[in-house]
Amino acid sequence: MPPVNNLHSLLWSLCNQTDGETVSVRDLLNAVGRRSYGPVILLLGFIALSPLTIIPGANVAVALMTLIFAVQMTFGRAYPWLPKRALDFSFPREYLIRGVAMMDHPAHIIDRFLKPRLTILTRPPFVQLVALACVAAALVTLPLSFIVFGPTLPSLTILFFGLAITARDGFLLILAGASLAGAIYLMLRVWAVLPFV
C-alpha cells in the first residue's frame, strides 16, 4: 500500500483499499495506516467535510473521534486507538465515493502547495501543541454541529492540521492555526447570539 503523504494519496487509498456496499471506520483507518497520527487526522478532516456528514450525528461522531486521537497524540501515545464500537461504525460506500469524487479536483490544487517547510514545527515538542490545537478544533465543532454549515470551519482546520503533519509542512500549520482562531471566534459569536434567539 503506497504511503499517504498528501490529500490525493489519501483519497486514492480510501477508494482502492476498501470494497463492498458498506465501509466501516476500521476499514478507513486500515486504508490510510492506523499506526500514524497525520493520515488519521487528515482522514477525519476529510470525513467532516464530505457528504458522509449528512448521516445524523456524523459531525458529532467525527469530532469525538478527533478528540480521542488528538488527546492520545498530546500525551505521546505511540499508536492511535479507538474503542471497538467506534471502529465498527459503518455507512454506505456510496457516500465515500461521492465525497472522494467531490474532493478530487480540490485535492490536486491543494497538494501543489504542499511541501516540507518549517519542519521543526511538525516535530516534538511542537507536535504536542498541534495535538492540543486539534483538541480545541474538535471541541469547537461540537456546539457548532447544531448549526447549518457551522462545523465547516473547524472541520477545515482539522483537515489542514492533518495535511500539515502528514506532509511535514510547518507553514500550513500556521494557516491551520489561523483557521482555528476563526472557528473559535465563530463559536463565541454564536454563543453571544443564542440567548436572544
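The values are calculated or read from the model by the stated rules, or taken from the named source; none is laboratory data. Just so you know, these numbers come straight off a predicted model, no measurement behind them. Using ideal geometry, Cβ is built from the backbone for each residue, glycine included, and neighbour counts are taken over all protein chains shown.
Suppose we keep only residues that are of a type outside the set (Val, Ile, Thr), within 17 Å of the chain's Cα centre (by Cα) and surrounded by fewer than 22 Cβ atoms within 10 Å (Cβ to Cβ) within region 16-30. Which one would you say is nearest to Ala70 (Cα to Cα)? Reasoning before the result, please.
Narrowing region 16-30 to residues of a type outside the set (Val, Ile, Thr): 16-17, 19-21, 24, 26-30.
Keeping just the survivors that are within 17 Å of the chain's Cα centre (by Cα) gives 24, 26-30.
Going one step further and asking which of them are surrounded by fewer than 22 Cβ atoms within 10 Å (Cβ to Cβ), we end up with 24, 26-27, 29-30.
On the way: Ser24: 20, Arg26: 18, Asp27: 20, Leu29: 15, Asn30: 18 Å.
By that ranking, first place goes to Leu29.
Filter the helices (runs of 4 or more DSSP H) completely within region 124-197 down to those with at least 2 residues that are farther than 17 Å from Gly45 by Cα and modelled with pLDDT of 90 or more.
On the way: elements: 126-144, 152-167, 170-193.
Where helices (runs of 4 or more DSSP H) fall fully within region 124-197 and carry at least 2 residues being farther than 17 Å from Gly45 by Cα and modelled with pLDDT of 90 or more, they are 170-193.
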In the set Ile68, Ile41, the lone residue that is surrounded by 19 or more Cβ atoms within 10 Å (Cβ to Cβ) and modelled with pLDDT of 90 or more is Ile41
Note on Ile68: of the conditions (1) under 29 Å from Thr22 (Cα atoms); (2) of a type outside the set (Gly, Ala, Ser); (3) touching a residue at least 40 places away in the same chain (Cβ under 8 Å), unmet is (3)
Residue pairs qualifying under the 8 Å Cβ cut-off, at least six apart or on distinct chains, with the first in region 161-181 being free of Cβ contacts under 8 Å to residues at least 40 places away in the same chain and the second being of a type in the set (Ser, Thr, Tyr), are Ser179/Thr157
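Condition first: part of a helix (DSSP H, G or I), over 18 Å from the mean Cα position of the chain (by Cα) and either at pLDDT 90 or above or surrounded by fewer than 19 Cβ atoms within 10 Å (Cβ to Cβ) (or both). Now tell me which residues in region 110-123 satisfy that. Can you show your working first?
Residues of region 110-123 part of a helix (DSSP H, G or I): 110-112, 119-122.
Checking which are over 18 Å from the mean Cα position of the chain (by Cα) leaves us with 112, 119-121.
Once the filter is applied, which keeps residues that are part of a helix (DSSP H, G or I), over 18 Å from the mean Cα position of the chain (by Cα) and either at pLDDT 90 or above or surrounded by fewer than 19 Cβ atoms within 10 Å (Cβ to Cβ) (or both), region 110-123 yields Arg112, Thr119, Ile120.
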